[in-house]
Amino acid sequence: MNCAESRLLLHAHADGELDVANSLQLERHLKTCAACAAEKKSVHSLKAALRQPSLRYDAPDSLRKEVRRIARASANDTRPGLFQSLLLWKSLAFGATAVALFAIVLRPGSSEQDQLASEAAARHVRSLMADHLTDVASSDQHTVKPWFNGKLDFAPDVKDFAAEGFPLVGGRLDYLKGRPVAALVYRRNKHFINVFVWPAGHTGSGRVAIEHRRGYSVINREINESHYCLVSDLNEKEMAELANLFER
Ligand SMILES: [Zn+2]
């Protein structure tokens, strides 16, 4: 494991979200690398600082009432148990994380989207590790597109956007939402962008959602009956530019 890979995993490690194999590799690296060990220390101090009682506060009554109202309104058509679980919060003190969680829960139907964003960000991080960014490395769309033949039950639209500043790097097979998907890899200066593509569940084209996970932006967009999920540490504006290129 090198330092770049170690830095990608430090936050997940601090949150106890890392699998055993990666944890062991990371810990081995931390023993030999003073710089990364110092970074780990600073991540842990930040976590400790955020846990301070002075940063905690109770949710105001008005917010609780609003959550109950929304939960009641959606109790008939969304996940059962949501209302009950929200009631539990009554007795909780809220930290910054809980407030972020609120923002997610308040958007009806967001749980599936939320899970997709987390999964996509994890696949993105994984692709940057262990030299597995591409199965087929080529900037030629006529090489990358046919490579997917027979590997997927659909043919992803593969285009090189070098002229627009997003050169195609290659493609690989990946797995998202319990199904194989095409992962197209693009580059913008020093940033890599994974574009996961699979057939859209419905033909309602045009839906866009932007989420953030561990410093990565995830843009989900349905274009021409395909679902495009873009993940990168690139800024949102340039990622949206790339998403727009697929719509052309
Ligand atoms: Zn290091």
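The values are calculated or read from the model by the stated rules, or taken from the named source; none is laboratory data. These numbers come from a predicted model, not from an experiment. Calculation scope for accessible area: heavy atoms of the full protein, side chains included, ligands and nucleic acids excluded. Shrake-Rupley method; radii C 1.70, N 1.55, O 1.52, S 1.80 Å.
You can think of it this way: the chain between residue 111 and residue 52 has 18.3 nm of extra reach, that is 0.36 nm per residue less the Cα-Cα gap. A rounded overall shape is assigned to the stretch 119-209, the ratio a/c of its alpha-carbon gyration tensor axes (a ≥ b ≥ c) being less than 1.5.
Note on residue 233: accessible area is roughly 80 Å² with a 1.4 Å probe, heavy atoms of protein only. Within the assembled protein chains, the solvent-accessible surface assigned to residue 192 is about 70 Å², based on a 1.4 Å probe. Within the straight-line cut-off of under 29 Å between alpha carbons, the lysines reachable from residue 237 are 145, 159, 177, 190, sequence neighbours fewer than 8 places apart in one chain being disregarded.
Test of understanding: what is the full-extension gain from residue 208 to residue 4, defined as 0.36 nm times their sequence separation minus their Cα-Cα distance?
Full extension from residue 208 to residue 4 adds 70.4 nm.
Put simply, the amide H of residue 213, placed in the peptide plane, has neighbours under 5 Å in 218, leaving out anything fewer than 5 places away on its chain.
Ranked from largest to smallest solvent-accessible area, with a 1.4 Å probe on the protein heavy atoms, 143, 32 come out as 32, 143.
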